1. Give me the Å³ per residue figure for the convex hull around the C-alpha atoms of the chain.
2. Could you tell me which of T368, I344, A380 has its Cα farthest along the dipole of the stretch 315-398 towards the positive end, charges placed at Cβ (Lys, Arg +1; Asp, Glu -1), taken about the Cα centre?
3. Are there trypsin sites (Lys or Arg not before Pro) in the stretch 407-480 that DSSP puts in a loop and that have at most 16 other Cβ atoms within 10 Å, and which ones?
4. Given the options T105, T120, A67, identify the residue whose Cα lies farthest towards the positive end of the charge dipole of the stretch 30-158 (+1 on Cβ of Lys, Arg; -1 on Cβ of Asp, Glu).
5. For Q321 and Q211 in one chain, what is 0.36 nm times their gap in residues minus the Cα-Cα distance, to one decimal in nm?
6. With a cut-off of at most 16 other beta carbons within 10 Å, and DSSP calling the residue loop, which trypsin sites (Lys or Arg not before Pro) in the stretch 76-108 qualify? Please list them.
7. Using only the Cα atoms, work out Rg/Rh for the stretch 251-330, with Rh taken as the Kirkwood radius, to two decimals.
8. First check a/c for the stretch 127-255, with a ≥ b ≥ c the square roots of the eigenvalues of its C-alpha gyration tensor; if it is under 1.5, answer rounded, and if not, answer prolate when a/b is larger than b/c or oblate otherwise.
Amino acid sequence: MIQRIIAIDQSTSSTKALLFDEQCKVLARTNVDHKQYYPQTGWVEHDAEEIYQNMIEAIRQLVSGRADFRSADYSLCLTNQRETAVVWNKTTGKPIANAVVWQDTRGAELCRLLRTDEKTVDMVMAKSGLLIDPNFSASGIKWLLDNVPGAREQAAHGELLMGTIETWLIWKLTGGNVHATDTTNASRTMLFNIHTLDWDDDLLRLFDIPQSMMPKVLPCDAVYGETTCEGIFPTPIQIAGVLGDSHGALVGQMCFEPGSGKVTYGTGSSVMVNIGEEPLPAPKGLVTSVGFTAFGKTYYGYEGNIYSTGATLKWIADQLQLVGHPAEMEALATSVPDNGGVYIVPAFSGLGAPWWQSDVKGAVFGLTFAATKAHFLRAALESIAYQIKDLVDVMTVATGGSLKEIAADGGPTKNRFLMQFQADMLDTPVVCTEVDDASALGAVVMNGFARGLWHSFGEVTGLRKVIQTYQPQPSLEKETLYQGWRNAVNQLIK
């Protein structure tokens, strides 16, 4: 029977459903946006029930009218925005509040207080591999339990469950029968011990989160359950293959060997490099996470996360309305020879790695009467490349040498100016691959491992097809431009 794999890529801004065949070719795709909620400065929320309904609608659109709907063997896999946390009542099935998104900074003060105790900082890093920061799920969950009326009492009585978005979706898809997550998403909560691969009592105690709320942790290449997707399928199909979006891209870019790395350009950006089977301590500015778990082994990664990259371009289009769509920015940005001295530091939700300054606000530097819209747009694109360079420079030192290449994925990779500027800034080739949705491809690979379609990493490495490589070009201005960026950042950080 022919295989058809539906990959759900649930991101910060939308829910995509992609249909793959057994050769990992994309046959169809749909996309449904969800609303962003900003109830207070620094707060970012999603409606978890809207996301679930959007996923069902995306699946319905994807398979509607397909000739192979009755004859093919369908299955479902998931990749998702990671640290965004949902808390819900296991009896009513209703979230107690909107989901706290990974960009949300309401836990910043709690994290700041925890960071004043050096022993606590060391304990959290040693167990979870993470820095104490509101980017990770724990402080947001604690905030919900402390501030939603009745939540603490319900949690104490075992009435509440928590999870990152994939956990919520699996629970809903299985009619509340499966409360589970995978090792990659778990490793981004600040509640998970990356050495024991289980929830850690000390970390749960630190954030006052009951063990009864926590989902079961499974490998990425596991079968999680079955679903009819609210009756779309006449008989249940398997849910198999789950991992966070950045980890999905690591797998989708076939970074199975230690030392191989990738950059995902999305709402934010993740730089991740495979460091092998030992959870080595991360150097300053980076964190250690589970890269992926497959074939009974766990591979770890150094990672740095940037909060606002693609989000900056979306803000310019949607909020400032300087362009109708981010795709229009390249032509305008290249209509001027340089940035005109303009630098944008897009710290809309603070600065992530390697700075980890959650209370910093965004700023624009170098404006003069000579500055035009084109200079502003060029500065916005350049800010993405500068932030990636900040991380790669730290990562290069940590891994003991320069990276041979950076595998790139995500929507902004279509911007040729940005990709060439990125290669120039890094002095490293930037490789863009055929699959725009590397995270979804990674989930499909894990689905295939779980269901026995493939039996080794080697069987799938040839699925990555390079469509363009941007070679770094010599530039006398590169160091001057980057120094201008560092000067701008240094005016903001403490």
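1. Working: hull volume 67.0 nm³, N = 494.
That works out to 136 Å³ per residue.
2. Looking along the dipole axis, the top candidate is T368.
3. Working: sites: K414, R416, R451, R464, K465, K478; in loops: R451, R464, K465.
Passing both the DSSP loop test and the Cβ count: K465.
4. A67
5. Stretched out fully, the Q321 to Q211 stretch lengthens by 35.0 nm.
6. Details: sites: R82, K90, R106; in loops: R82, K90, R106.
Those that pass, being in a loop and sparsely packed, are K90.
7. Details: Rg = 16.3 Å, Rh = 14.3 Å.
Here the Rg-to-Rh quotient is 1.14.
8. Numbers: a/c = 2.19, a/b = 1.24, b/c = 1.77.
Cα axes put the stretch 127-255 in the oblate bin.
The values are calculated or read from the model by the stated rules, or taken from the named source; none is laboratory data. The shown structure was predicted, so the numbers you read here are calculated from the model rather than taken from an experiment. Note that each Cβ is placed from the backbone with ideal geometry, even for glycine, and that neighbours are counted across all protein chains shown. Just so you know, the surface numbers come from the protein's heavy atoms only, side chains and all, with ligands and any DNA or RNA stripped out. Shrake-Rupley method; radii C 1.70, N 1.55, O 1.52, S 1.80 Å.
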